[in-house]
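Got a structure for you, questions after.
The values are calculated or read from the model by the stated rules, or taken from the named source; none is laboratory data. Nothing here was measured: the structure is a model prediction, and the numbers come from that model. Please note: Cβ atoms are built from the backbone with ideal geometry, for glycine as well, and neighbour counts cover all protein chains shown.
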Amino acid sequence: MLKKKICFQGDASTTTDDGMIQNYTITYDNTNWSFETFSMARCIPGFAFYRRSNIDWCMAIGSTTGANTSFSRREPVCEKYGSSYDVTVTVSGVASAEEVEGMAYQLNKLRERNGITSFNAFADAQRTDECQLTPTTADCMSINVRKCQSRRNRFIKVQGFHTVDKTVENFDCYRFMTDASAGATEGKQCMVMIMDGVNNGTVDFVEYVFFVAVYRDW
């Protein structure tokens with residue numbers, strides 16, 4: 001009696017929004033070849049899959065109702081949102097034009113579905129205290145932490161924004177209403193994506209946010 005020989009096994013996962021993990025097995029029984037597959041989604045329902053250079057990312061829109069949400073409440077909102085899916089989630093920024101387009105699409109659908117004229121979605125960045133005073137410097141308009149030399153020849157760190165998602169390295173894919181220094185002198189330190197039906201996905205700054213934007217599940 002001839003036994004099947006497993007010749008190849010592997011992961012032929014896709015990079016589509018569905019982010020399916022496509023496992024396959026190719027066998028040969030000395031007469032015929034057979035090809036078997038098993039698919040499993042990388043992300044739970046409601047999350048979209050994105051492949052970053054250093055990690056695979058599942059993102060979704062989470063929201064609060066009834067009140068504006070401060071920067072300090074971002075993680076508690078995440079925890080509450082994640083508990084409804086039985087997963088752990090954290091605030092995410094956007095790292096590519098594809099992610100910006102995808103999140104803008106989801107946010108606009110949310111706006112239309114709820115009959116909301118406009119709202120703001122938190123984009124995981126709050127301007128640091130130091131940069132509220134000097135928002136137009138190159139360091140303060142950057143998401144990266146930079147080192148500069150002080151007058152006493154000591155190196156100090158300059159960071160433009162507090163963020164949770166450290167895999168976002170720059171603002172290259174962000175479409176700012178003006179630029180990364182906007183709103184600093186007016187007390188507007190939270191970066192948001194605008195959803196108003198006209199400037200969807202454009203980034204600006206506000207004091208508080210109504211919707212906590214995008215999440216990554218672990």
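Looking at the stretch 172-196 only, could you name the residues that are part of a loop (DSSP other than H, G, I, E, B) and of a type outside the set (Asp, Glu)?
First, pick out the residues of the stretch 172-196 that are part of a loop (DSSP other than H, G, I, E, B): 172-175, 177-183, 187-189, 196.
Within the stretch 172-196, Cys173, Tyr174, Arg175, Met177, Thr178, Ala180, Ser181, Ala182, Gly183, Gly187, Lys188, Gln189 meet the criteria.
Now, a different point. Could you tell me which of the residues Phe205, Phe210 is more than 16 Å from the chain's Cα centre (by Cα), at pLDDT below 90 and surrounded by 16 or more Cβ atoms within 10 Å (Cβ to Cβ)?
From the options Phe205, Phe210, the qualifying one is Phe210.
Quick one: in the stretch 76-107, of everything that is farther than 21 Å from Met191 by Cα, in contact with a strand residue (DSSP E or B) (Cβ under 8 Å, 6 or more places away or on another chain) and of a type in the set (Ser, Thr, Tyr), which residue is surrounded by the most Cβ atoms within 10 Å (Cβ to Cβ)?
Among them, the one singled out is Tyr85.
Can you name the residue in the stretch 116-145 that is touching a helix residue (DSSP H, G or I) at 6+ places or on another chain (Cβ under 7 Å) and assigned to a loop (DSSP other than H, G, I, E, B) and is also farthest from Ala60 (Cα to Cα) among such residues?
Pro135
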